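The values are calculated or read from the model by the stated rules, or taken from the named source; none is laboratory data. Keep in mind the model is a prediction, meaning the values are calculated, not measured. As a convention, Cβ positions derive from the backbone with ideal geometry for all residues, glycine included, and neighbour counts pool all protein chains shown.
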Amino acid sequence: MRTIAGTGAWPGRAEGPVVWLRRERPVADMQVPDRAAEVLRFRAALGRALADLEAWLEQQQTVEGRLLLQGYRDALLEDAWGGRVCALIDSEGLWAPGAAVKVAAQVSGVMARSGVLQERAEHLRAVARWVAERLDPMPLPDDAILAGNRLSPLAVLDRRHPAITGGPEPPVVGGAPLVWGLREIGPHWQDKRIAIEGRQIRLDVPEPNRWTLADDQLNGLPVCPVQGRPESFRLMAGHLGRRPAALIQRLDDLAAVPLLVGEAGAVAVDLDRLGPVAHPGVRLLVDAAALACKRAGIPLVVGGGAANADPDFWFALGCTALFDQARPRGGASTRAIRRGKKSSL
């Protein structure tokens, strides 16, 4: 069992599988057979949304929270939106969720042309999507724990399930358990079973073994940055009389990994120094490096924000571990290596 902590929480306890929330769920354009019934369904959803906003307004303890929810309430009462949604459903037979989002995009686009209405435009887009998601709720397990890099204030308030987020403390106050400031979470948490107690999160996975990169040593191996000089790396390996770990911090060094693995005892790639790792070319170079390391029987470890955001992706490429930077009490730079699976060393 592994434990991590957020920076804050609304108190509570829960246990269940993580459901990762996309920033915006796609809304389908569908036709309905009964247009009058769909108009009534939209109006009923609008009424419930207004009632809930009024109830949440009463709970707010800060001016910021009250002003934000008042802005959402005013946007829901915008006749140019609600009336046109009903008209679009009646005239074209469009499904209410799709109509709500479509009309909000049109009306908010006009509003945004005026500087004084830009905030109202943002609020309208937010409440339209919120109402659409209420009309077409996502199926969830009874014990689901919602998760996202950032949760909107409406998503934070309108839920029956506990939630965790990597974002900061929300500007509103609600009741269901919520933990924020969890920097490690990402889409790779989908379906992981976790337990919440206060701001502590326990994952149902073994505590990972750790390597350390400190004082120019990686788990006992001397570390040698390649820095565009593969010949110097080979000379260093020969001088040491043992295989050093090659530290990769440049794209040309990453491309040279297949030429270095014969003299290396391990390869450590600092993804943050490579530039945009989402570029397909970078992924191909990492894939080639992983294959070369596998054939040579040496570990490949990766570190940086991209590695921590989606470690399962890098493990699937063949990387052995992740490394994180830390600072020990003595002040020297230390990197902790978090293993994804057993090393060949």
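Values as computed for the structure displayed
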item	result
Cβ pairs under 8 Å, 6+ apart, first in the stretch 27-38 and assigned to a helix (DSSP H, G or I), second among the small types (Gly, Ala, Ser)	ARG35/GLY93; GLU38/GLY93; GLU38/ALA96
Of the criteria (1) at pLDDT 90 or above; (2) among the small types (Gly, Ala, Ser); (3) under 26 Å from the mean Cα position of the chain (by Cα), which one GLY275 fails	(1)
Residue ID - farthest from GLY175 (Cα to Cα), chosen from residues in the stretch 37-84 that are within 33 Å of the chain's Cα centre (by Cα) and of a type in the set (Val, Ile, Thr)	VAL63
Selected residue (criterion: modelled with the highest pLDDT) from residues of the stretch 292-317 that are surrounded by fewer than 16 Cβ atoms within 10 Å (Cβ to Cβ) and part of a loop (DSSP other than H, G, I, E, B)	GLY297
Hits in the stretch 89-122 - residues which are over 32 Å from the mean Cα position of the chain (by Cα) and surrounded by 20 or more Cβ atoms within 10 Å (Cβ to Cβ)	ILE89, LEU94
Where TRP211 falls short, out of the listed (1) among the aromatic types (Phe, Trp, Tyr); (2) surrounded by fewer than 22 Cβ atoms within 10 Å (Cβ to Cβ); (3) in contact (Cβ under 8 Å) with a residue 60 or more places away in the chain	(2)
Evaluation of ARG183 against (1) under 30 Å from VAL63 (Cα atoms); (2) not aliphatic (A, V, I, L, M); (3) not in a loop (DSSP other than H, G, I, E, B) (one fails), failing number	(3)
The stretch 134-167, subset in contact (Cβ under 8 Å) with a residue 40 or more places away in the chain and more than 14 Å from VAL19 (Cα to Cα), residue farthest from the chain's Cα centre (by Cα)	LEU135
Tally, over the stretch 150-180, of residues that are part of a strand (DSSP E or B) and among the hydrophobic types (A, V, I, L, M, F, W, C)	5
Where ALA147 falls short, out of the listed (1) surrounded by fewer than 18 Cβ atoms within 10 Å (Cβ to Cβ); (2) outside any helix (DSSP H, G or I); (3) in contact with a helix residue (DSSP H, G or I) (Cβ under 8 Å, 6 or more places away or on another chain)	(1)
Selection from the stretch 39-66 of residues that are outside any loop (DSSP other than H, G, I, E, B), touching a residue at least 12 places away in the same chain (Cβ under 8 Å) and closer than 25 Å to GLY181 by Cα	TRP56, LEU57, GLN59, GLU64, GLY65
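Yes/no matrix, rows are residues, columns are (1) among the hydroxyl-bearing types (Ser, Thr, Tyr); (2) assigned by TED's automatic domain parsing to the domain that holds LEU182; (3) modelled with pLDDT of 95 or more:
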| residue | (1), (2), (3) |
| --- | --- |
| ALA87 | no, no, yes |
| ALA96 | no, no, yes |
| GLY148 | no, yes, no |
| ARG159 | no, yes, no |
| PRO162 | no, yes, yes |
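Here's the yes/no breakdown for (1) closer than 17 Å to ALA99 by Cα; (2) touching a Cys at 6+ places or on another chain (Cβ under 6 Å); (3) of a type in the set (Ser, Thr, Tyr):
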residue: THR3; (1), (2), (3): no, no, yes
residue: TRP10; (1), (2), (3): no, no, no
residue: LEU40; (1), (2), (3): yes, no, no
residue: GLU54; (1), (2), (3): no, no, no
residue: ARG66; (1), (2), (3): no, no, no
residue: GLY71; (1), (2), (3): no, no, no
